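Contents: one structure, followed by commentary.
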Amino acid sequence: MPKHRDPLNERSLHVEQHERQAAKGERRRKLQSTKKKLQRTGKSKRPRRKDWMPDDLDGWDDAEYTYHERIMPAGERERRRRVERLAFRPAEAEEDERAVETLATADWRGLVVEASAGLYRVDLGDRTLLCRPRGVLKAEELGFTNVVAVGDQVLVREDGAGGGIVEAVLPRRSALVRPDVFYGHLQQVIVANADQVLIVASWREPVIWLELIDRHLIAAERSNLRPIICVNKIDLVDDEAVFQATVQPYRALGYRLILTSARTGAGVKQLRSVLHARTTVLAGLSGVGKSSLLAAVQPGLALRTGAVSARGEGRHTTVQTTLLRLAAGGFVVDTPGIREFGLSDLHRHELAQFFPEIAALAPHCRFKDCAHSDEPECAVRAGVSQGEILTSRYHSYRQIYASLPT
Ligand code: GDP
Ligand code: ZN
(Lines give C-alpha, C1' and ligand atoms only; values in the text may rest on other atoms or scores of the structure.)
(Ligands and ions follow the chains in the order given, each with its own letter.)
Protein backbone atom coordinates (compact mmCIF):
# COMPACT_ATOMS: atom_id res chain seq x y z
CA MET A 1 0.00 0.00 0.00
CA PRO A 2 1.39 3.41 -0.91
CA LYS A 3 2.13 5.63 2.03
CA HIS A 4 0.48 9.02 1.83
CA ARG A 5 0.16 11.67 4.43
CA ASP A 6 -3.18 11.83 6.09
CA PRO A 7 -3.16 14.76 8.50
CA LEU A 8 -6.31 13.63 10.25
CA ASN A 9 -4.97 10.19 10.85
CA GLU A 10 -1.68 11.60 12.04
CA ARG A 11 -3.48 13.70 14.58
CA SER A 12 -5.40 10.78 15.94
CA LEU A 13 -2.11 8.90 16.15
CA HIS A 14 -0.75 11.67 18.32
CA VAL A 15 -3.82 11.53 20.49
CA GLU A 16 -3.42 7.79 20.88
CA GLN A 17 0.21 8.21 21.75
CA HIS A 18 -0.61 10.81 24.30
CA GLU A 19 -3.28 8.65 25.86
CA ARG A 20 -0.87 5.75 26.08
CA GLN A 21 1.68 7.95 27.79
CA ALA A 22 -0.91 9.19 30.23
CA ALA A 23 -2.00 5.65 31.01
CA LYS A 24 1.62 4.67 31.56
CA GLY A 25 2.11 7.57 33.93
CA GLU A 26 -1.01 6.63 35.84
CA ARG A 27 0.19 3.06 36.08
CA ARG A 28 3.59 4.17 37.32
CA ARG A 29 2.02 6.35 39.99
CA LYS A 30 -0.17 3.51 41.14
CA LEU A 31 2.79 1.13 41.31
CA GLN A 32 4.85 3.63 43.20
CA SER A 33 2.21 4.30 45.80
CA THR A 34 1.75 0.56 46.32
CA LYS A 35 5.48 0.15 46.67
CA LYS A 36 5.56 2.89 49.30
CA LYS A 37 2.67 1.32 51.14
CA LEU A 38 4.54 -1.97 51.18
CA GLN A 39 7.69 -0.32 52.44
CA ARG A 40 5.75 1.26 55.27
CA THR A 41 4.28 -2.06 56.32
CA GLY A 42 7.71 -3.62 55.95
CA LYS A 43 6.39 -6.33 53.66
CA SER A 44 8.75 -5.82 50.78
CA LYS A 45 12.31 -5.86 51.98
CA ARG A 46 14.60 -5.89 49.05
CA PRO A 47 17.57 -7.99 50.17
CA ARG A 48 15.47 -10.88 51.37
CA ARG A 49 16.58 -13.17 48.58
CA LYS A 50 19.73 -13.84 50.57
CA ASP A 51 17.60 -15.10 53.41
CA TRP A 52 16.39 -17.94 51.25
CA MET A 53 19.74 -18.98 49.96
CA PRO A 54 21.17 -22.20 51.26
CA ASP A 55 24.38 -21.33 53.12
CA ASP A 56 26.61 -23.04 50.62
CA LEU A 57 25.12 -21.05 47.75
CA ASP A 58 25.77 -17.67 49.27
CA GLY A 59 28.62 -16.78 46.99
CA TRP A 60 26.77 -17.62 43.85
CA ASP A 61 26.43 -15.47 40.88
CA ASP A 62 23.02 -15.08 39.29
CA ALA A 63 24.45 -16.26 36.00
CA GLU A 64 25.02 -19.65 37.52
CA TYR A 65 21.33 -20.33 37.85
CA THR A 66 20.93 -21.86 34.47
CA TYR A 67 17.27 -22.34 34.85
CA HIS A 68 16.30 -19.24 36.77
CA GLU A 69 13.63 -21.02 38.65
CA ARG A 70 12.34 -18.74 41.27
CA ILE A 71 9.37 -20.48 42.67
CA MET A 72 9.60 -18.39 45.77
CA PRO A 73 8.34 -14.88 46.12
CA ALA A 74 11.79 -13.81 47.18
CA GLY A 75 13.50 -12.94 43.89
CA GLU A 76 13.48 -9.50 42.43
CA ARG A 77 11.19 -10.50 39.57
CA GLU A 78 8.73 -11.98 41.99
CA ARG A 79 8.88 -8.93 44.16
CA ARG A 80 8.01 -6.72 41.22
CA ARG A 81 5.24 -8.99 40.15
CA ARG A 82 3.85 -8.90 43.65
CA VAL A 83 3.81 -5.14 43.78
CA GLU A 84 2.13 -5.11 40.42
CA ARG A 85 -0.50 -7.55 41.52
CA LEU A 86 -1.22 -5.64 44.66
CA ALA A 87 -1.71 -2.56 42.58
CA PHE A 88 -3.85 -4.02 39.84
CA ARG A 89 -5.18 -7.39 40.89
CA PRO A 90 -5.96 -7.27 44.59
CA ALA A 91 -7.74 -10.64 44.73
CA GLU A 92 -4.74 -12.55 43.40
CA ALA A 93 -2.42 -10.43 45.45
CA GLU A 94 -4.20 -11.41 48.62
CA GLU A 95 -3.46 -15.01 47.83
CA ASP A 96 0.19 -14.10 47.27
CA GLU A 97 0.33 -12.26 50.54
CA ARG A 98 -1.01 -15.27 52.36
CA ALA A 99 1.64 -17.38 50.66
CA VAL A 100 4.36 -15.04 51.83
CA GLU A 101 3.07 -15.25 55.35
CA THR A 102 3.03 -19.05 55.32
CA LEU A 103 6.56 -18.99 53.97
CA ALA A 104 7.64 -16.93 56.91
CA THR A 105 6.27 -19.63 59.18
CA ALA A 106 7.89 -22.57 57.36
CA ASP A 107 9.33 -24.93 59.93
CA TRP A 108 12.30 -26.50 58.23
CA ARG A 109 14.67 -26.48 55.36
CA GLY A 110 15.37 -29.86 53.86
CA LEU A 111 16.55 -31.81 50.90
CA VAL A 112 14.23 -33.83 48.66
CA VAL A 113 15.71 -37.32 48.57
CA GLU A 114 12.90 -39.21 46.90
CA ALA A 115 10.06 -38.34 44.57
CA SER A 116 7.20 -40.50 43.54
CA ALA A 117 3.67 -39.79 42.38
CA GLY A 118 3.43 -36.28 43.77
CA LEU A 119 4.87 -37.20 47.15
CA TYR A 120 8.31 -36.17 48.28
CA ARG A 121 10.54 -37.53 50.98
CA VAL A 122 12.40 -34.63 52.53
CA ASP A 123 15.55 -35.18 54.53
CA LEU A 124 15.61 -32.76 57.46
CA GLY A 125 18.95 -33.92 58.79
CA ASP A 126 17.78 -35.89 61.79
CA ARG A 127 14.74 -37.49 60.12
CA THR A 128 12.75 -37.56 56.92
CA LEU A 129 9.25 -36.23 56.32
CA LEU A 130 6.86 -37.32 53.59
CA CYS A 131 5.52 -34.14 51.99
CA ARG A 132 2.92 -32.92 49.55
CA PRO A 133 3.58 -29.74 47.57
CA ARG A 134 1.58 -26.69 48.53
CA GLY A 135 -1.26 -26.16 46.07
CA VAL A 136 -0.10 -22.73 45.01
CA LEU A 137 3.24 -23.95 43.63
CA LYS A 138 2.53 -24.03 39.92
CA ALA A 139 4.76 -25.93 37.58
CA GLU A 140 3.17 -25.10 34.24
CA GLU A 141 4.14 -21.45 34.49
CA LEU A 142 7.77 -22.44 34.64
CA GLY A 143 7.63 -24.88 31.76
CA PHE A 144 8.03 -27.90 33.99
CA THR A 145 5.55 -30.61 34.82
CA ASN A 146 6.93 -31.12 38.29
CA VAL A 147 7.54 -28.28 40.68
CA VAL A 148 9.59 -30.26 43.12
CA ALA A 149 12.35 -32.66 42.14
CA VAL A 150 14.83 -34.89 43.86
CA GLY A 151 17.80 -32.78 44.86
CA ASP A 152 15.75 -29.68 45.54
CA GLN A 153 16.34 -27.66 48.67
CA VAL A 154 12.89 -26.93 50.04
CA LEU A 155 11.15 -25.21 52.89
CA VAL A 156 8.60 -27.42 54.58
CA ARG A 157 5.94 -27.13 57.22
CA GLU A 158 4.57 -30.00 59.25
CA ASP A 159 0.92 -30.66 58.50
CA GLY A 160 0.07 -31.85 61.99
CA ALA A 161 -0.82 -35.32 60.74
CA GLY A 162 2.64 -36.82 60.57
CA GLY A 163 3.40 -35.46 57.11
CA GLY A 164 4.55 -32.19 55.67
CA ILE A 165 3.91 -29.58 53.03
CA VAL A 166 6.53 -28.21 50.68
CA GLU A 167 6.07 -24.47 50.95
CA ALA A 168 8.81 -23.31 48.62
CA VAL A 169 11.61 -24.53 46.41
CA LEU A 170 14.93 -22.74 46.65
CA PRO A 171 16.63 -21.59 43.44
CA ARG A 172 18.33 -24.41 41.57
CA ARG A 173 21.91 -24.34 40.38
CA SER A 174 21.38 -27.10 37.83
CA ALA A 175 18.56 -29.22 36.53
CA LEU A 176 18.63 -32.47 34.66
CA VAL A 177 15.53 -32.46 32.51
CA ARG A 178 13.78 -34.56 29.94
CA PRO A 179 10.71 -33.89 27.85
CA ASP A 180 7.56 -34.89 29.66
CA VAL A 181 6.08 -38.10 28.31
CA PHE A 182 2.56 -36.70 28.02
CA TYR A 183 3.16 -32.98 27.64
CA GLY A 184 5.91 -32.78 25.06
CA HIS A 185 6.25 -29.00 25.28
CA LEU A 186 6.98 -29.25 28.97
CA GLN A 187 10.07 -30.55 30.67
CA GLN A 188 10.27 -32.81 33.61
CA VAL A 189 13.02 -32.15 36.10
CA ILE A 190 14.60 -35.49 36.96
CA VAL A 191 17.25 -34.20 39.32
CA ALA A 192 17.95 -30.74 40.69
CA ASN A 193 21.28 -29.39 41.91
CA ALA A 194 23.46 -32.23 40.68
CA ASP A 195 27.14 -31.45 40.03
CA GLN A 196 28.27 -34.25 37.77
CA VAL A 197 27.32 -37.33 35.80
CA LEU A 198 29.23 -40.55 36.23
CA ILE A 199 29.00 -42.28 32.87
CA VAL A 200 29.60 -45.93 33.66
CA ALA A 201 30.51 -48.39 30.91
CA SER A 202 32.02 -51.84 31.11
CA TRP A 203 34.89 -53.00 28.95
CA ARG A 204 33.21 -56.36 28.38
CA GLU A 205 29.94 -58.00 29.43
CA PRO A 206 28.31 -55.91 28.08
CA VAL A 207 30.94 -54.79 25.59
CA ILE A 208 31.79 -51.09 25.73
CA TRP A 209 29.35 -48.97 23.69
CA LEU A 210 31.21 -45.82 22.73
CA GLU A 211 28.29 -44.11 21.07
CA LEU A 212 26.34 -44.21 24.33
CA ILE A 213 29.29 -42.68 26.16
CA ASP A 214 29.43 -39.93 23.55
CA ARG A 215 25.68 -39.33 23.86
CA HIS A 216 25.95 -39.05 27.62
CA LEU A 217 28.88 -36.64 27.29
CA ILE A 218 26.72 -34.35 25.19
CA ALA A 219 23.76 -34.69 27.51
CA ALA A 220 25.84 -33.88 30.57
CA GLU A 221 27.38 -30.85 28.94
CA ARG A 222 23.97 -29.57 27.84
CA SER A 223 22.72 -29.91 31.41
CA ASN A 224 25.76 -28.07 32.75
CA LEU A 225 26.95 -31.14 34.61
CA ARG A 226 30.54 -32.27 34.65
CA PRO A 227 30.87 -35.63 32.90
CA ILE A 228 33.15 -38.32 34.30
CA ILE A 229 33.72 -41.47 32.30
CA CYS A 230 34.13 -44.64 34.31
CA VAL A 231 35.16 -47.77 32.44
CA ASN A 232 34.51 -50.74 34.68
CA LYS A 233 35.36 -54.46 34.51
CA ILE A 234 38.95 -53.76 33.53
CA ASP A 235 39.73 -57.20 34.96
CA LEU A 236 38.25 -58.47 31.71
CA VAL A 237 40.80 -56.65 29.52
CA ASP A 238 42.76 -59.16 27.46
CA ASP A 239 44.52 -56.90 24.99
CA GLU A 240 45.97 -53.99 26.92
CA ALA A 241 46.99 -52.10 23.76
CA VAL A 242 43.50 -52.20 22.27
CA PHE A 243 42.04 -51.16 25.60
CA GLN A 244 44.35 -48.16 25.97
CA ALA A 245 43.84 -47.08 22.37
CA THR A 246 40.10 -47.11 22.94
CA VAL A 247 39.81 -45.29 26.24
CA GLN A 248 42.83 -42.99 26.51
CA PRO A 249 41.71 -40.64 23.72
CA TYR A 250 38.93 -39.41 26.01
CA ARG A 251 41.57 -38.16 28.38
CA ALA A 252 43.30 -36.41 25.52
CA LEU A 253 40.01 -34.70 24.71
CA GLY A 254 39.95 -33.31 28.23
CA TYR A 255 37.45 -35.61 29.85
CA ARG A 256 37.95 -37.10 33.27
CA LEU A 257 38.40 -40.84 32.90
CA ILE A 258 38.60 -43.47 35.61
CA LEU A 259 39.27 -47.15 35.10
CA THR A 260 37.79 -49.53 37.63
CA SER A 261 37.07 -53.09 38.53
CA ALA A 262 34.48 -53.73 41.20
CA ARG A 263 35.77 -57.27 41.22
CA THR A 264 39.44 -56.56 42.01
CA GLY A 265 38.95 -53.18 43.65
CA ALA A 266 41.10 -51.38 41.10
CA GLY A 267 40.28 -47.69 40.81
CA VAL A 268 37.72 -47.77 43.60
CA LYS A 269 39.72 -45.39 45.77
CA GLN A 270 39.83 -42.92 42.91
CA LEU A 271 36.11 -43.34 42.33
CA ARG A 272 35.45 -42.66 46.00
CA SER A 273 37.37 -39.41 45.86
CA VAL A 274 35.55 -38.33 42.70
CA LEU A 275 32.19 -38.87 44.38
CA HIS A 276 33.18 -37.13 47.59
CA ALA A 277 31.23 -34.02 48.54
CA ARG A 278 29.41 -33.86 45.21
CA THR A 279 26.02 -34.84 43.91
CA THR A 280 26.59 -37.38 41.19
CA VAL A 281 24.05 -38.77 38.75
CA LEU A 282 24.74 -42.31 37.61
CA ALA A 283 24.32 -43.12 33.94
CA GLY A 284 25.01 -46.31 32.06
CA LEU A 285 23.50 -49.50 30.78
CA SER A 286 22.24 -52.04 33.22
CA GLY A 287 24.80 -54.71 33.90
CA VAL A 288 27.87 -52.49 33.57
CA GLY A 289 28.44 -52.66 37.32
CA LYS A 290 26.93 -49.51 38.82
CA SER A 291 25.57 -51.29 41.90
CA SER A 292 28.75 -53.27 42.39
CA LEU A 293 30.87 -50.11 42.17
CA LEU A 294 28.76 -48.28 44.70
CA ALA A 295 28.88 -51.22 47.06
CA ALA A 296 32.66 -51.18 46.68
CA VAL A 297 32.77 -47.45 47.42
CA GLN A 298 30.56 -47.85 50.45
CA PRO A 299 29.51 -51.28 51.66
CA GLY A 300 25.77 -51.49 52.09
CA LEU A 301 24.92 -48.77 49.61
CA ALA A 302 22.28 -50.25 47.34
CA LEU A 303 20.81 -49.01 44.11
CA ARG A 304 17.16 -49.64 43.47
CA THR A 305 16.74 -48.51 39.89
CA GLY A 306 16.43 -51.96 38.39
CA ALA A 307 13.50 -53.07 40.48
CA VAL A 308 11.63 -49.84 40.09
CA SER A 309 12.12 -49.27 36.39
CA ALA A 310 10.74 -52.69 35.58
CA ARG A 311 7.42 -51.51 36.97
CA GLY A 312 7.85 -47.91 35.89
CA GLU A 313 7.88 -48.75 32.23
CA GLY A 314 4.66 -48.99 30.31
CA ARG A 315 1.81 -46.58 30.80
CA HIS A 316 2.76 -45.19 34.13
CA THR A 317 5.31 -42.43 33.99
CA THR A 318 6.14 -42.52 37.65
CA VAL A 319 9.87 -42.25 37.73
CA GLN A 320 11.20 -42.98 41.11
CA THR A 321 14.44 -41.21 41.67
CA THR A 322 16.39 -41.45 44.88
CA LEU A 323 19.29 -39.61 46.38
CA LEU A 324 21.69 -41.83 48.29
CA ARG A 325 23.77 -40.18 50.96
CA LEU A 326 27.44 -41.11 51.06
CA ALA A 327 28.82 -41.51 54.55
CA ALA A 328 31.94 -39.57 53.59
CA GLY A 329 29.85 -36.70 52.21
CA GLY A 330 28.08 -36.27 48.92
CA PHE A 331 25.16 -37.92 47.19
CA VAL A 332 24.63 -40.40 44.43
CA VAL A 333 21.50 -40.10 42.33
CA ASP A 334 19.88 -43.26 41.19
CA THR A 335 17.33 -42.62 38.48
CA PRO A 336 15.71 -44.70 35.78
CA GLY A 337 14.95 -41.42 33.97
CA ILE A 338 18.51 -40.98 32.77
CA ARG A 339 17.99 -42.97 29.61
CA GLU A 340 16.03 -40.28 27.85
CA PHE A 341 17.83 -37.24 29.13
CA GLY A 342 19.81 -34.68 27.36
CA LEU A 343 19.49 -34.76 23.60
CA SER A 344 15.98 -33.40 23.17
CA ASP A 345 15.80 -30.22 21.10
CA LEU A 346 19.34 -30.64 19.90
CA HIS A 347 19.60 -29.84 16.21
CA ARG A 348 22.00 -31.26 13.66
CA HIS A 349 23.94 -28.07 13.12
CA GLU A 350 24.59 -27.81 16.86
CA LEU A 351 26.07 -31.27 17.22
CA ALA A 352 29.66 -30.58 16.16
CA GLN A 353 30.19 -28.14 19.01
CA PHE A 354 29.95 -31.05 21.43
CA PHE A 355 32.79 -32.88 19.69
CA PRO A 356 35.81 -30.68 20.43
CA GLU A 357 38.00 -32.43 17.86
CA ILE A 358 35.39 -32.01 15.13
CA ALA A 359 34.62 -28.43 16.10
CA ALA A 360 38.34 -27.67 15.79
CA LEU A 361 38.56 -28.81 12.17
CA ALA A 362 35.10 -27.81 10.92
CA PRO A 363 36.08 -24.20 10.13
CA HIS A 364 38.48 -25.57 7.50
CA CYS A 365 35.75 -27.39 5.55
CA ARG A 366 34.97 -25.93 2.16
CA PHE A 367 31.30 -25.42 3.03
CA LYS A 368 30.27 -23.48 6.06
CA ASP A 369 27.30 -25.78 6.64
CA CYS A 370 29.28 -28.95 5.95
CA ALA A 371 27.71 -32.01 7.57
CA HIS A 372 31.05 -33.82 7.29
CA SER A 373 29.45 -36.75 5.51
CA ASP A 374 30.17 -36.74 1.76
CA GLU A 375 30.84 -33.10 0.98
CA PRO A 376 33.97 -32.33 -1.05
CA GLU A 377 36.98 -30.87 0.74
CA CYS A 378 35.73 -31.76 4.18
CA ALA A 379 38.46 -31.09 6.75
CA VAL A 380 36.80 -33.34 9.28
CA ARG A 381 36.87 -36.41 7.05
CA ALA A 382 40.43 -35.55 6.15
CA GLY A 383 41.14 -35.44 9.89
CA VAL A 384 39.66 -38.90 10.28
CA SER A 385 41.79 -40.39 7.53
CA GLN A 386 44.91 -38.72 8.95
CA GLY A 387 44.17 -40.12 12.40
CA GLU A 388 43.53 -36.74 14.06
CA ILE A 389 39.97 -37.75 14.76
CA LEU A 390 39.20 -41.22 16.05
CA THR A 391 37.12 -43.33 13.71
CA SER A 392 34.91 -44.32 16.64
CA ARG A 393 34.21 -40.71 17.55
CA TYR A 394 33.45 -39.85 13.94
CA HIS A 395 31.16 -42.84 13.80
CA SER A 396 29.32 -41.62 16.93
CA TYR A 397 28.99 -38.21 15.38
CA ARG A 398 27.44 -39.64 12.22
CA GLN A 399 25.07 -41.91 14.13
CA ILE A 400 23.88 -39.19 16.47
CA TYR A 401 23.64 -36.71 13.58
CA ALA A 402 21.34 -39.06 11.70
CA SER A 403 19.08 -39.38 14.74
CA LEU A 404 18.64 -35.63 15.25
CA PRO A 405 16.05 -33.34 13.70
CA THR A 406 17.33 -31.04 10.96
P1 GDP B 1 24.36 -52.53 37.26
O2 GDP B 1 23.15 -53.08 36.58
O3 GDP B 1 25.03 -51.50 36.43
O4 GDP B 1 24.07 -52.04 38.64
O5 GDP B 1 25.40 -53.75 37.36
P6 GDP B 1 25.70 -54.71 38.58
O7 GDP B 1 26.50 -54.02 39.63
O8 GDP B 1 24.44 -55.37 39.01
O9 GDP B 1 26.68 -55.78 37.89
C10 GDP B 1 26.25 -56.62 36.84
C11 GDP B 1 27.12 -57.86 36.83
O12 GDP B 1 28.47 -57.52 36.54
C13 GDP B 1 27.15 -58.60 38.15
O14 GDP B 1 27.13 -59.97 37.89
C15 GDP B 1 28.47 -58.18 38.76
O16 GDP B 1 29.01 -59.18 39.61
C17 GDP B 1 29.33 -58.02 37.54
N18 GDP B 1 30.41 -57.05 37.74
C19 GDP B 1 30.30 -55.83 38.30
N20 GDP B 1 31.49 -55.20 38.31
C21 GDP B 1 32.37 -56.08 37.75
C22 GDP B 1 33.77 -56.00 37.46
O23 GDP B 1 34.48 -55.03 37.73
N24 GDP B 1 34.34 -57.08 36.84
C25 GDP B 1 33.61 -58.18 36.52
N26 GDP B 1 34.25 -59.18 35.93
N27 GDP B 1 32.30 -58.29 36.78
C28 GDP B 1 31.69 -57.24 37.39
ZN1 ZN C 1 33.18 -31.10 6.82
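The values are calculated or read from the model by the stated rules, or taken from the named source; none is laboratory data. Note that the structure is a prediction, hence the values are computed from the model and not measured. With ideal geometry, Cβ positions are generated from the backbone for all residues, glycine too; neighbour counts draw on all protein chains shown. The protein model used for the area step is the full one, side chains on, heavy atoms only, and it has no ligands, DNA or RNA in it. Shrake-Rupley method; radii C 1.70, N 1.55, O 1.52, S 1.80 Å.
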Sticking with the crude label model, points 7 Å out along Cα→Cβ, report the distance from Tyr401 to Asp374 in nm, one decimal please. 1.3
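Packing-wise, with mean Cβ within 10 Å as the measure, how do 170-178, 112-120 rank, highest first? All intermediate terms of the calculation are to be shown ahead of the outcome.
On the way: 170-178: 23.4, 112-120: 18.4.
Answer by packing, highest mean first, reads 170-178, 112-120.
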What spacing in nm lies between the two simple spin-label points modelled at Ala252 and Ser273, each 7 Å away from Cα in the Cβ direction? 2.5
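Over the range 154-244, average the accessible area per residue using a 1.4 Å probe and give it in Å², no decimals.
Working: 3290 Å² over 91 residues.
The answer is 36 Å² per residue.
Please give the net charge around Gly254, taking every other residue with its beta carbon less than 12 angstrom from that of Gly254, where Lys and Arg add +1 and Asp and Glu add -1.
Details: positive: Arg226, Arg251, Arg256; negative: Glu221, Glu357.
Local charge sum for Gly254: +1.
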Roughly how many percent of the accessible protein surface of the range 343-406 is carbon and sulfur, given a 1.4 Å probe and a whole-percent answer? 50
Local electrostatic count at Arg121 - Lys and Arg +1, Asp and Glu -1, tallied over other residues with Cβ under 11 Å: -1
Could you look at the range 185-236 and say what percent of its accessible area is carbon and sulfur, using a 1.4 Å probe and all protein chains? 53
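Counting other C-beta atoms within 10 Å, and keeping those with at most 16, which DSSP coil GluC sites (Glu not before Pro) do you find in the range 347-401? Write down the numbers at each step before the final one.
Numbers: sites: Glu350, Glu357, Glu377, Glu388; in loops: Glu377, Glu388.
Taking the range 347-401 and a limit of 16 other Cβ atoms within 10 Å, the loop GluC sites (Glu not before Pro) found are Glu377, Glu388.
Pick out, in residue order, every one of the trypsin sites (Lys or Arg not before Pro) in the range 330-381 that is DSSP loop and has at most 11 other C-beta atoms within 10 Å; say none if there are none. Could you put the intermediate results ahead of the total?
On the way: sites: Arg339, Arg348, Arg366, Lys368, Arg381; in loops: Arg366, Lys368.
Loop-located and lightly packed - Arg366, Lys368.
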